[in-house]
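Peer 1: One structure is given below, represented as structure tokens, and several questions about it will come after.
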Amino acid sequence: MHLGPSVTVESSRNSDRLGLLLAILLALTGLLGALTAWRLSEADRASGDAARAGLAATRERARAALTVEAEVTQSQSAWLHYELAHRRAEDLTAAGQSVEALRAAKEAAASWGFIQSQYIRPDGTYDVAAHRRASLAQQASGHDLDPAPHFAAATAADDEKHQLALSGILIASTLPLLAIATVTGGRTRRFAAVIGGILFVVSTIVMVATWL
Amino acid sequence: MTEGRGTRLRAILADGDPARAFITVMLAVMTFVTSIVILMQFDASGASAAAERQADAAALQRSEADAGGAGDQIIDYGMYRAWYEELERANWAYQRAQAVGSADAGQPLLSALSQTDSRLADWVRSNSAFLQPPFLDAQTGTADFIGYVADRATPSLRAGEQFDTANAVADQEESRSSLFVALLTVLAASLFFLGLAATISGQPRRVLIGAGLAFALVGTAGSAVLAVQPVHRVGNDAIEAVVHATAEVIQGAPNGSLVVTDAQRTHAEAAIAASAQAVALDPAYPGAWRSQGETNLSYATALYFSTAHPDVLPFVNRAVEGYRRVVNMVQPDYAVLWNLGWALYVAGDLQGSLAPTDAALKLAPDQFTLYLNRALAELALGQTDAARVSVETGLDTAASSGLGSNASFFAESDFDIGRLAELLPDQTTVLRQMLQRVREAEVSISINGQAREAPSAGSLSIVSISPVALQADGSLAAGAPVGDGATVPTTGTAGFRLTLSGTGVAGQPVAVRVRRDGLIDIGYSQLWSWPGVDSVPVDLITPYGRANFDANPGHYEIEIYLDGTLAGRFTLTVGPATP
């Protein structure tokens, strides 16, 4: 039942080739793991940078909101005083009370300079929403006031981290199989090597897909 | 059996050393496990950052809602003032026009003014959201200020709850991330021991394998347990229920009032129902339990101090349960501890109320009301001296923190102590002394920023008090002097005239305080220096009185302070309006 010399040599050569393949696969797995870790750290940095930018924009917007509100309130308050005095003047003029009407008109004039009159609608009412929008837009022209794009970028980076984590798990799962294949022989070795090899290929594809 | 299994194992091994093969496989398995734990740590860290971003967004919403709400309130209240002013102007002009008659040369102007002001009042009303239903009762012309405040506060309250809940998620994820880091350290030690075992043989190898396996087991099992533990996220329904409850509380819990109206009762009950709904929706939501505490305690407190003074124990017990749950679930802020202490006091657990009150004081040592709460519990426990020390400490704190300069800040404590003096007969004497100290301190702080003044060498007294009425020429006419405890009609009483007599008090500060139904009416408050005379008439009249409105009905306490010390007190009742 002893095998002939040629068969023993052939089996030994096959074993050496598989051992070499397993060693290469293990090295590639390590390389792939390192690449995944690098991409993860890059995605994490991108997420952190975006979140910090979003936080800065949030603070700036809160400051701008107070500034805008003060401006709108001041203008609307002046408009109320103006409108009352102005309407009083018109009413009294119509009633023939020109002396009192002039007094009211002078009161109206005192408030006029404090009104951003472009926000007075044709019917005489004050368009608060338009004033707020425009003032905020003006503030935004010099400062980053919108945290939403930054937070969206941070969320996208987090999504990439999740996908990289999945490929990382797949990559790591090849290690035990390749290790078993390395320390065993026969069918066990071949089975572990095949499954480990398949996992390696799949994890490589997932990682490349995530990267791209 | 052992021999057979070992033989089979050796047969499938490449070099026939089972221990080395085992170590190699374990190293690979633990590397795999460690990789997974690293990724879970990354995931938890990322989830924490995402929750923080949600909290930031909610904080921004709250800032914008607060800023916008404050702006709206400034304008809407300005519109209300303008509307009120135009109505009063129109009314005045109309009455003057009627009084002078059509033959008078000024009558056309008065009529024109009346019509103009009336039209302006209508115009203002049509342009204000506040001067529309549901905030304005068109029949009576009264505005629901508290309802308006609750309505405007709702977006901010919602954003605040969203901020709190997102922050709680961030905290949980951060905690998970930290625990994963700790477990990774354990797994790293496992890898080290196993790696070292591969390089040696014999007994030391077995020890190292055992240690490596033990660390591997702890690290893997700990990571598995942590991985399956859910992170609690509060649903929108529960948040909305809490927001609704808080908005109802604003409208349903009168502070410093002897009466709880039917409308307030309805709001308070709605608040309690909404908080109960929040608890039912999510029993793990600290905000829901806090809401249960707030809704029940505010209603219980209002009922407790009302003249009806019903049994409030069921409400207080629910409040205590709510606040205790919060304390057990999260690191509580001082407001929770403050309210828990107060709830326990009202529930009669005097000793139990001291611990949370003291804990709140540690977090907020500048809150003078907390010292008063502690004093109330100490007094009820019979520790009168300790209670007096707590009061004095609180008053000194009020003076040094700057809060004491706000008279209305004292008003609620003043009202509460005054009511307790009536409700707790066995403590009445000391409570009244405490009340006088609080009042003297408020006056003293307004004079020199200190909670107490050096006693004055002179003396001051109230000689007489008469109701005064506004005359057609704008002057005030005093009626006959009334005795202490007298009743005067509200009709025709615009204010009061005091005659004070002083000896040796020239140049010293004199303060007047008037309380109606136990609550200070700041419109009557005065502070001036005594002139170089023996007797001084003092007119107590608010801007409403000067506009010829009758004094509000109620029980009045008029107090005179010399140099921050009570010098005289007079009480009278202003009766209901004459039909």
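Here, each number is a calculation from the coordinates, and none is a lab measurement. Keep in mind it's a predicted model, so treat the numbers as computed, not measured. A quick note on method: Cβ atoms are made from the backbone with ideal geometry, for glycine too, and the neighbour counts reach across all protein chains shown.
Peer 1: Among the DSSP beta bridges whose two residues both lie in the protein assembly as shown, what percent are antiparallel, rounded to the nearest 5?
Peer 2: Roughly 95 percent of the beta bridges in the protein assembly as shown run antiparallel, per DSSP.
Peer 1: Indicate the gyration tensor shape class of region B:303-402 (rounded, prolate or oblate), computed on the Cα atoms with a ≥ b ≥ c the square roots of the eigenvalues: a/c under 1.5 is rounded; otherwise a/b larger than b/c is prolate and the rest oblate. Don't jump to the answer; show the numbers that get you there.
Peer 2: Working: a/c = 1.83, a/b = 1.22, b/c = 1.50.
Oblate, since a/c reaches 1.5 and b/c is not below a/b.
Peer 1: Given A:TRP38, A:HIS81, A:LEU28, which one lies farthest toward the positive end of the charge dipole of chain A, if we put +1 on the Cβ of every Lys and Arg and -1 on the Cβ of every Asp and Glu?
Peer 2: A:LEU28
Peer 1: Which residues among region A:181-211 fall inside the zone where the amide N is under 11 Å from a point 7 Å beyond the Cα of A:LEU28, along Cα→Cβ?
Peer 2: A:197-205
Peer 1: Any chance you could give the angle, 0 to 90 degrees and rounded to 10, that helix B:2-12 forms with the longest Cα principal axis of chain B?
Peer 2: Between helix and principal axis, roughly 90 degrees.
Peer 1: Sticking with this structure for a sec: Per residue of A:71-79, count partner chain C-beta atoms within 10 Å of its C-beta, then hand back the mean as an integer.
Peer 2: That works out to 3 on average.
Peer 1: Run the quick spin-label model on A:ALA156 and A:THR125: label points 7 Å from Cα toward the beta carbon, then report their separation in nm to one decimal.
Peer 2: Taking the two extended label points, one gets 4.1 nm.
Peer 1: Distance in nm between label sites at B:ASN328 and A:ARG190, each 7 Å beyond Cα in the beta-carbon direction?
Peer 2: Those two pseudo-labels are separated by 6.3 nm.
Peer 1: Only helical DSSP H runs with n ≥ 4 go in: add -39500 (n - 2.57) per run for chain B, normalise by residue count and round the 222 nm mean residue ellipticity to 500 deg cm²/dmol.
Peer 2: Using -39500 (n - 2.57) per qualifying helix, the result is -22500 deg cm²/dmol.
Peer 1: What average count of beta carbons from other chains do you get within 10 Å of the Cβ of residues in A:154-161?
Peer 2: 3
Peer 1: Now, a different point. Give the residue from B:GLN73, A:LEU175, B:VAL327 lying farthest towards the positive end of the charge dipole for the protein assembly as shown; charges sit on Cβ (+1 for Lys and Arg, -1 for Asp and Glu) and the dipole is referred to the Cα centre.
Peer 2: Farthest towards the positive pole: A:LEU175.
Peer 1: Using a 10 Å cut-off on Cβ to Cβ distances, tally the other chain neighbours for every residue of A:29-40 and report the average as a whole number.
Peer 2: Partner-chain Cβ atoms within 10 Å, mean over residues of A:29-40: 1.
Peer 1: Each residue of region B:17-23 in order: what ³J(HN,Hα) in whole Hz does its phi give by Karplus 6.51 cos²θ - 1.76 cosθ + 1.60, θ = phi - 60°, with x for Gly and Pro?
Peer 2: In residue order, the calculated couplings are 10, x, 4, 5, 4, 4, 4 Hz.
Peer 1: Before rounding to the nearest 500, sum -39500 (n - 2.57) across all DSSP H runs of length at least 4 in chain A and divide by the residue total; then give [θ] at 222 nm in deg cm²/dmol.
Peer 2: Calculated from helices alone, the mean residue ellipticity at 222 nm is -31500 deg cm²/dmol.
Peer 1: Determine how many Å³ per residue the convex hull of the Cα atoms of region A:21-132 encloses.
Peer 2: Residue-normalised Cα hull volume stands at 102 Å³.
Peer 1: Helix B:334-347 sits at what angle to the longest principal axis of chain B, using alpha carbons and giving 0 to 90 degrees rounded to 10?
Peer 2: Helix B:334-347 sits at roughly 70 degrees to that axis.
Peer 1: Quick check: the angle from helix B:428-448's long axis to the longest principal axis of chain B, C-alpha only, nearest 10 degrees?
Peer 2: Taking the Cα atoms of chain B, the angle to B:428-448 is about 80 degrees.
Peer 1: Set the Förster radius R0 to 60 Å, insert the Cβ-Cβ distance between B:ALA99 and B:ALA355 as r into 1/(1 + (r/R0)^6), and round the FRET efficiency to 0.05.
Peer 2: So the FRET efficiency works out to roughly 0.35.
Peer 1: Taking the Cα centre as origin and putting +1 on Lys and Arg beta-carbons and -1 on Asp and Glu beta-carbons, what dipole magnitude results for the protein assembly as shown, to the nearest 20 debye?
Peer 2: Dipole size: approximately 3360 debye.
Peer 1: Just to be sure I understand: if I project the alpha-carbon convex hull of the protein assembly as shown onto a plane and average over all orientations, what area do I get in nm²? Kindly include the intermediate steps, with their values, before the conclusion.
Peer 2: Values: hull surface 205.7 nm².
With the hull built on Cα positions only, its mean projection is 51.4 nm².
Peer 1: Going highest first, how would you order B:26-32, B:312-318 by mean Cβ packing within 10 Å?
Peer 2: The most tightly packed comes first, giving B:26-32, B:312-318.
Peer 1: Using only the alpha-carbon atoms, what does chain B span along each of its principal axes? Please give whole angstrom values in decreasing order.
Peer 2: Largest first, chain B extends 129, 60, 42 Å along its Cα principal axes.
Peer 1: Another question, then. Calculate the FRET efficiency for B:ARG233 and B:ALA335 from the Cβ-Cβ distance with a Förster distance of 30 Å, rounded to the nearest 0.05.
Peer 2: Once rounded, the FRET efficiency stands at 0.80.
Peer 1: Cβ neighbours within 10 Å, averaged per peptide: list A:137-145, B:215-223 in order, most packed at the top.
Peer 2: Top of the packing list down: B:215-223, A:137-145.
Peer 1: Please give the FRET efficiency for B:VAL259 paired with B:TRP92, using the beta carbon to beta carbon distance and R0 = 25 Å, rounded to the nearest 0.05.
Peer 2: Numbers: r = 33 Å, r/R0 = 1.30.
With a Förster radius of 25 Å, E is 0.15.
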